[in-house]
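K.L.:
Before I ask anything, let me first share the structure, which is written out below as structure tokens.
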Amino acid sequence: MTHYSALSVLRNALSGNRSWGRAWRDPDPKPSYDVLIVGGGGHGLATAYYLAKEHGIKNVAVVEKGWLGGGNTGRNTTIVRSNYMMPGNTMFYERSMRLWENLSQDLNFNVMISQRGQYNLCHSPAQMDAARRRGNIMRANGIDAELFDREEVRRRLPYLDYSQAARFPIHGAIFQGRAGTARHDAVAWGYARGADRHGVDILQQREVTGYLWDGGRICGVRTSRGDIRAAKVALCVAGHSGHLAQMAGLRLPIETHSLQAFVTEPYKPLVDTVVSFGAAHFYISQSDKGGLVLGGDLDMYNSYAQRGGLPIVEHTLASAKALMPCVSRLKLLRHWAGVMDMSMDGSPFITKTPVDGLYLNGGWCYGGFKATPASGWCFAWTIAKDQPHEDNREFTLDRFERGYQIDEKGMGPQPNAH
Amino acid sequence: MRRLNAGGRIDRTKPLSVTFEGRALPAYQGDTLASAMLAGSVSLAGRSFKYHRPRGVFSAGVEEPGALVHLREGDRHEPNVRATTTEAFDGLVSTAQNAWPSLTADIGAMNNILSPVLSAGFYYKTFIGPFRNSTRFWMMCEAFIRKAAGMGRATTLEDPDRYEKRNAFCDVLVIGGGAAGLSAALAAGRAGAQVILVEQDFELGGAILSDPVGAPGDAWLSRVKEELASLPNVRILLRTTAFGAYDGGTYGLVERVSDHLKTPQSGQIRQRYWLVHAGRAVLATGALERPLVFAGNDRPGVMLAGAVRTYLNRFAVLAGQNVLLATNNDTAYSTAAELSRAGAFVTLADLRADPPDDALAIAKDAGVTVLTGHGVLKAIGRKRVTSAVITPVDERGRAAGSTRKVPADLIAMSGGWSPVVHLWSQLYRKPQYDAHAVCFVPCQESEHHLQPAGTAFAAATLDEVIAQGFNRGIEAARASGSTGEAGDPPPPFEAGPFWQKNQSPVWATRKADGSLAGKAFVDFQHDVQLSDIDQAHLEGYVSVEHLKRYTTTGMATDQGKLSNVNALARMAELRGLSIPDVGTTTFRPPYTPVSIGAIVGHEHGRHFRPTRLSPIHHWHMDNGARMTEAGAWMRPWFYPQADEDLQAAYIREAAHVRQNVGMIDVSTLGKIAVQGPDAAEFLNRVYVNGWKTLAIGRLRYGAMLREDGFVMDDGATARLGEWDYFMSTTTANAAKVLAFSEHLLQTAWKDLKVHVTSVTDQWAAIALAGPSSRALLNSVTDADLSREALPNNHVTRAHIGDVAVRVHRMSYSGELAYEIYIPAGYGQHVWETLHAAGQAHNLKPYGTEAMGALRIEKGHVAGPEIEGRTTLKDLGLEGLASSKKPFVGSVLRKRPVLTDPDRPTLIGLEIEGDGGAKPGSLLFQAKAEAKGHGEGWVSSTTYSPALGKNIALAFLKNGKARLGETVRVVNFVGGETLSARVVSHHFFDPEGERQNG
Amino acid sequence: MIRINCPVCGLRNETEFTYGADATVNRPALDEQETGPWLDYVFNRDNPRGWHKEYWHHVQGCRQWLVLERNTLTHEIRGCRLAREAGE
């Protein structure tokens, strides 16, 4: 396997780029694995990578129904941040941030982590107070956060609407400087290459159609291209967790909803950071290619359709112009949707399930991409040791029974409100 | 390149002033910016994205990858404008983009020299840097990359133009105004259906407009247009793009109302967004021509053959004198013949060894040299093609014989055509590959709402185009119940050859060994070379989505309209699969980029969201109130006197209430009429406390939970009659409580005879609070307000002047207080009456900030405390909960974590020092390290004028047991640590003597 | 734009409605004291790919709660009744 560097790129360029090897193998499946991971997105691939790297468990397969990174890994708005305030979330997302900060080096694959910062705008005194509470919890846990007043926000983001016409005036913002963006596809590819290098088999174009059972215990999967046995089966299929859990006889506290995203034509640099609008579910950043990336809201109804409805297209673009009037003459290039596991409290699951041999990683709501490294890291720990790590201790299925709802927004058990 | 002396569909009597890069272009009404550029011999129109290679006009339509410019100046500046779809107008100013310092001497073109290093995915392999746990190195490199990337420059100025949104309904929506679409509209129109026909161009006709003026299509077109114009049920929208097909038979259109003018006319909008609800729709969107792949196929002077024909026949522009045509199908033959007749020297290289005789005859009759079994191996020339290397080829398109160099100032190519399937695919699924027609086509299924017709469905002859269009039009009309006679389709006319019949699948010309003779491109804007596809394959990025994302092919502003099929063909070849086995990427809206402003319409600035105003709003504005947001509502925040700031004003207002009397507009509270024989039972179920004993004329405070047992809302409910209750909710939760109540009554509790009705907008409400409130109210009403007649928590009806009102004696401030409910239309009148009468009692209005101070002094909870994660016990309201009845949330509120005695509970804090604490500060034990999530947090703070102290409401672990303890209050983000004493949250008058007085 | 044929108001745009919840979960009896049925009602869902019975609220119309049968893969609707008239 080629080690990537400027030198290797140069050497290959001189030979006409004809000697590159595969980034990961395309192996035939072995009859049996120690761990079989269902879902070749960022989370599944990261789990495989850390199982091999951190726990020495290398007899691992990742089974993907389509192409790697084809689910939400390739459909999100690439935001990375660790501004969570609920116990159970805070340190998990901060672990993720710290893994992000060394991920390119660790994987020898430039996943383009760019810590250009994120502003969460506040539009009322009450929102400023809520932001202060969040910022204080972050700081008390060693995470960077700053609270800016209107004038400071205006100095830093002069292109927002500070006029009398603004429906929701900007009162200030909470800022995390270490937040930013990463190149989403590269995360899947980098983890795939890293896992492959440790001996993990990546098996694409195989859809899991059921489980192999040994009494009450799951001991493998049925796929569209044959059975594969495994001592432990781990689900990383956010968006479709309910479907795969149902095959194992489980009902989950999850609904599937579609979340829309948008990109404009490419422009010269206009927005250098991530800006979240506090008056609607909307945020904006600009990719390295120059497209403005707009994050919108859920379509609000259960959906597996991976395409968005027109009302949210209208809302999102209206939010963009309300926040930044100058985008009016810029052009929308493409809009799409991803299907989300919306959990009942807005927080995820990384846990053993009541079914022996079955492990679950899902329920990511909007937060899946930023969580990728820690999700893989903690899930690998949980699978390897059969118990959760400190950082995913609360991401269990029984938390609703206990009453431990990890509800960052205080919205209650309404999945489309998180 | 030159303008011909005659011909074309331009109006030579209307010359226009059009400039590019400061250079005047010869333009007429009916030109596009691109045709004017060609007429003005502009061969260098732009630079590509990655290597900054020179780009000329390449196409004549929406797929243009190269001629993207800055249009207009100042606040109407617009980047990435396709010259090919920009209608020329008088005063058009355009400039080059993505080039520095100039278009001709662009420093960025250095990337071109480095292109082997900058091949597919190079950035994933480099810029990682030597430092661990740091992103600095990459971010330093990224800063340069970001500056180099992007295409046009966006303005930061506000758009001066207006937009509008319009809903429309029709039986049949026809998308595309070419032969198929016109036939469909005609059939549906004759049948009596309501028809909307949309065409993105500024003229109807589609491909007919590219035929020579006077060709048989012209007569057909004018006859059909005339008949359509005579049908009042057919609406034609020109300059309108159907950008997306959505659920429920809904289509999004953008009409460019004024983009063909320098500025919109006075009072006119720039663009209009149409939301069309159609009974059925016909997809008559035609087809786009594909490029061929050969070395140098991106040089200025290399164009699509169909575009060259369009410029010749529609715009009377000859795009080259020495023309080399390269093709794999029959359509280029018409182009060749017409160019030759216009005076060009034309050579046609056909990749096919044996083209059909009728095609050959067209070329030979016009004096075109046809080289069968030949391809273009390489285009030569830097900023403009000067010559080309041609070669005999085998059936795979590989050189098979000696090559030769021919002079050429224009290479026109046709690699086949792709039906425009985008809208169909957005709605249904990926299109199917038709190996015969060598393209992806939509499927026709009778239950589909959107039916393809014409070349969008790969029709093979003009007869088919017209018949398909006409039949789809009739079917769509019938589906909507239109029964009129449709008659016969308009008779077909004689047209040039179509592509479907004799198309060759060969799409590239390569050397005998299969290699290319130089850089050959599949994506012309993103500079994706064929070698990048090869490299992606070597590295295992073989699925179409990986290919697209790894090489960025198809991700440019044309979204793969030109590049996709060639990229897929190469990947299929490399994998030894067929094109359908490789598959295609997903088509997403919009079909072509749409302005954000158009979709937003009016909903920006102040109109981004509705604003709700109290009936008394204008008095507040007239009397200097500073307003604040409360959900959708505007509320008075404070009423500054002289130059008071918020702090000074609220302290004065709050103190005034406790000493005299104040009034506040509380009209925004949610108000719900709960009526019916089971009203008390309903209240009993939704509130935690009991309602069966509430007598008529009394009111009671209640709290309600969510189904999961956390507190949702609180408020007072009054019993007005036997079956008549008046519930109030917080301003923020009014809609939620009503919808929740309706849900329970219509699903789970259908047997309860209760109606819940929002009466928020029907009632204005004024709270009158303070020791003088009774005296003031007595002076304006005859009702008996004595302590005995109207004790606290009682209701009475009264008149203020002529207005019948309800007086609820209740107190949020802790003072003797009344809430007066007034029919909304009289709200301001009663407010003014009270205000006038109040002058004798030293009445002052107060705002929400002072109200907050008063309620904090009393320890009442509000939004900051009922924040969705707090329980009754957390809020100190456990005593309200009835143990005698079930209520919403009564079971789940008993889950272990919710009943943990160690949970943070509501307490009061007396803050040491002068400044007070900030809400959102964290609480820590006095001597413990300030880290983690803390022992609690501060929810609401105020300076208490009554106590002369800074106080706060806060939640503290096991708080009730810690009264008297000193805790640390840390505001990390404000850099401040304070000490505070834990006290009861009932700071002021805990016995309630004042409110009961 | 999903279009919903409200039994009271006729065919209207989805923007007049709010989506409620899964309509197959039944609220336990008022006097149910066990936690299990409430947990299941409030938190657990079948979340099917395909046909789904669900509550919608015609919040900007007649304010009736409706039970729709809607396909979560295609958004097609094949049934719409008033919730108060829908069978258990």
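K.L.:
Report whether or not B:Ser334 is at pLDDT 95 or above and small (Gly, Ala, Ser).
P.N.:
Here the answer is yes, as B:Ser334 does meet what is asked.
K.L.:
When region B:575-600 is examined, which residues are found to be out of contact with any strand residue (DSSP E or B) (no Cβ under 9 Å at 6 or more places or on another chain) and buried (at least 22 other Cβ atoms within 10 Å of the Cβ)?
P.N.:
Correct list: B:Phe587 only.
K.L.:
Turning to a different aspect of this structure: Against the definition (farther than 23 Å from B:Asn793 by Cα and buried (at least 19 other Cβ atoms within 10 Å of the Cβ)), how does B:Leu683 come out, yes or no?
P.N.:
no
K.L.:
Within region B:968-978, is even one residue surrounded by fewer than 22 Cβ atoms within 10 Å (Cβ to Cβ) and at positive phi?
P.N.:
Yes - at least one qualifying residue is present in region B:968-978.
K.L.:
Continuing with the same structure: Restricting to region A:91-111, name every residue that is facing chain B (nearest Cβ under 7 Å) and in contact with a helix residue (DSSP H, G or I) (Cβ under 6 Å, 6 or more places away or on another chain).
P.N.:
Of everything in region A:91-111, those that are facing chain B (nearest Cβ under 7 Å) and in contact with a helix residue (DSSP H, G or I) (Cβ under 6 Å, 6 or more places away or on another chain) turn out to be A:Phe109, A:Asn110.
K.L.:
Next question. Do we find a residue being in contact (Cβ under 8 Å) with a residue 24 or more places away in the chain, outside any helix (DSSP H, G or I), of a type in the set (D, E, K, R) and away from chain A (no Cβ under 11 Å) anywhere in region B:876-887?
P.N.:
There is at least one residue in region B:876-887 that is in contact (Cβ under 8 Å) with a residue 24 or more places away in the chain, outside any helix (DSSP H, G or I), of a type in the set (D, E, K, R) and away from chain A (no Cβ under 11 Å).
K.L.:
Taking region B:364-411 as the region of interest, how many residues are assigned to a loop (DSSP other than H, G, I, E, B), buried (at least 20 other Cβ atoms within 10 Å of the Cβ) and in contact (Cβ under 8 Å) with a residue 60 or more places away in the chain?
P.N.:
The qualifying residues number 4.
K.L.:
Exactly one condition in (1) of a type outside the set (A, V, I, L, M, F, W, C); (2) more than 14 Å from chain A (Cβ to nearest Cβ); (3) surrounded by fewer than 24 Cβ atoms within 10 Å (Cβ to Cβ); (4) touching a residue at least 60 places away in the same chain (Cβ under 8 Å) is false for B:Gly66; which is it?
P.N.:
(3)
K.L.:
Just to be sure I understand, how many residues within region A:19-76 are in a helix (DSSP H, G or I) and modelled with pLDDT of 95 or more?
P.N.:
Residues meeting the conditions: 14.
K.L.:
While we're here: Note down all Cβ pairs under 8 Å where the first residue falls in region B:584-596 and is within 10 Å of another protein chain (Cβ to nearest Cβ) and without any contact (Cβ under 8 Å) to a residue 24 or more places away in the chain, the second is buried (at least 22 other Cβ atoms within 10 Å of the Cβ) and β-branched (Val, Ile, Thr), and they're at least six residues apart or on different chains.
P.N.:
Once the first residue is within 10 Å of another protein chain (Cβ to nearest Cβ) and without any contact (Cβ under 8 Å) to a residue 24 or more places away in the chain and sits in region B:584-596, its partners that are buried (at least 22 other Cβ atoms within 10 Å of the Cβ) and β-branched (Val, Ile, Thr) give B:Ile596/A:Thr264; B:Ile596/A:Val327.
K.L.:
Quick one: is B:Ser418 in contact with a Cys (Cβ under 6 Å, 6 or more places away or on another chain) and buried (at least 24 other Cβ atoms within 10 Å of the Cβ)?
P.N.:
yes
K.L.:
Of the conditions (1) over 19 Å from B:Gly61 (Cα atoms); (2) out of contact with any strand residue (DSSP E or B) (no Cβ under 7 Å at 6 or more places or on another chain); (3) within 11 Å of chain A (Cβ to nearest Cβ), B:Gln525 clears all except one; give me its number.
P.N.:
(1)
K.L.:
Take A:Leu360 and tell me if it is touching an Asp or Glu at 6+ places or on another chain (Cβ under 9 Å) and either closer than 26 Å to C:Asp46 by Cβ or within 14 Å of chain B (Cβ to nearest Cβ) (or both).
P.N.:
Answer is no for this residue.
K.L.:
Further question: Quick check, is A:Leu212 more than 9 Å from every other protein chain (Cβ to nearest Cβ), touching a Cys at 6+ places or on another chain (Cβ under 7 Å), of a type in the set (A, V, I, L, M) and on the phi < 0 side of the Ramachandran plot?
P.N.:
Yes; evaluated as a whole, the condition is true for this residue.
K.L.:
Which of the strands (runs of 3 or more DSSP E) found entirely inside region B:610-678 contain at least 2 residues meeting this: surrounded by fewer than 22 Cβ atoms within 10 Å (Cβ to Cβ)?
P.N.:
B:626-630, B:633-638, B:670-675
K.L.:
Out of all the residues in region B:116-154, which are hydrophobic (A, V, I, L, M, F, W, C) and more than 7 Å from chain A (Cβ to nearest Cβ)?
P.N.:
Once the filter is applied, which keeps residues that are hydrophobic (A, V, I, L, M, F, W, C) and more than 7 Å from chain A (Cβ to nearest Cβ), region B:116-154 yields B:Leu118, B:Ala120, B:Phe131, B:Phe137, B:Met140, B:Cys141, B:Ala143, B:Phe144, B:Ala148.
K.L.:
Tell me, which strands (runs of 3 or more DSSP E) wholly within region C:47-88 include 1 or more residues that are surrounded by 17 or more Cβ atoms within 10 Å (Cβ to Cβ) and at the interface with chain A (Cβ under 8 Å from one of its Cβ atoms)?
P.N.:
By residue number, C:51-57, C:65-71.
K.L.:
A further question on this structure: Answer yes if at least one residue in region B:205-227 is within 14 Å of chain A (Cβ to nearest Cβ), of a type in the set (Phe, Trp, Tyr) and either crowded, with 19+ Cβ neighbours inside 10 Å or in a strand (DSSP E or B) (or both), and no otherwise.
P.N.:
no
K.L.:
Could you tell me whether B:Ala67 is at pLDDT below 95 and among the hydrophobic types (A, V, I, L, M, F, W, C)?
P.N.:
No: the conditions fail for B:Ala67.
K.L.:
Kindly evaluate B:Asn80 against the criterion of being within 27 Å of B:Thr553 (Cβ to Cβ) and assigned to a strand (DSSP E or B).
P.N.:
Criteria met by B:Asn80.
K.L.:
Could you please find all residues in region B:751-798 being within 52 Å of the chain's Cα centre (by Cα) and aliphatic (A, V, I, L, M)?
P.N.:
B:Leu752, B:Val754, B:Val756, B:Val759, B:Ala764, B:Ala765, B:Ile766, B:Ala767, B:Leu768, B:Ala769, B:Val795, B:Ala798
K.L.:
Could you list, in sequence order, the residues of region A:204-225 that are in a strand (DSSP E or B) and surrounded by fewer than 20 Cβ atoms within 10 Å (Cβ to Cβ)?
P.N.:
A:Thr209, A:Gly210, A:Leu212, A:Trp213, A:Asp214, A:Arg217, A:Cys219, A:Arg222
K.L.:
May I pose another question? If the requirement is being aromatic (Phe, Trp, Tyr) and either surrounded by fewer than 24 Cβ atoms within 10 Å (Cβ to Cβ) or modelled with pLDDT under 95 (or both), which of these qualifies: B:Phe457, B:Phe440?
P.N.:
Result: B:Phe440 is the single residue among B:Phe457, B:Phe440 that is aromatic (Phe, Trp, Tyr) and either surrounded by fewer than 24 Cβ atoms within 10 Å (Cβ to Cβ) or modelled with pLDDT under 95 (or both).
K.L.:
Identify, by number, the condition in (1) in contact with a helix residue (DSSP H, G or I) (Cβ under 7 Å, 6 or more places away or on another chain); (2) in the same structural domain as A:Ala261 (by TED's automatic domain parsing); (3) of a type in the set (A, V, I, L, M) that A:Ala131 doesn't meet.
P.N.:
So A:Ala131 meets the others, but not (1).
K.L.:
Scan region A:367-416 for residues that are free of Cβ contacts under 8 Å to residues at least 12 places away in the same chain, in a helix (DSSP H, G or I) and not basic (Lys, Arg) and jot them down.
P.N.:
A:Glu401
K.L.:
Among the residues of region A:45-67, is there at least one that is within 13 Å of chain B (Cβ to nearest Cβ) and either within 30 Å of B:Phe972 (Cβ to Cβ) or of a type in the set (S, T, N, Q) (or both)?
P.N.:
no
K.L.:
So, in region B:732-759, how many residues would count as being surrounded by fewer than 21 Cβ atoms within 10 Å (Cβ to Cβ) and closer than 19 Å to B:Ser667 by Cα?
P.N.:
Result for region B:732-759: 7.
K.L.:
If we keep just the residues of region A:148-162 that are in a loop (DSSP other than H, G, I, E, B) and either free of Cβ contacts under 8 Å to residues at least 24 places away in the same chain or more than 9 Å from every other protein chain (Cβ to nearest Cβ) (or both), which is nearest to A:Arg132 (Cα to Cα)?
P.N.:
By that ranking, first place goes to A:Leu157.
The values are calculated or read from the model by the stated rules, or taken from the named source; none is laboratory data. All values reported here derive from a predicted model rather than from experimental measurement. Counting neighbours? That spans all protein chains shown, and the Cβs are built from the backbone with ideal geometry, glycine included.
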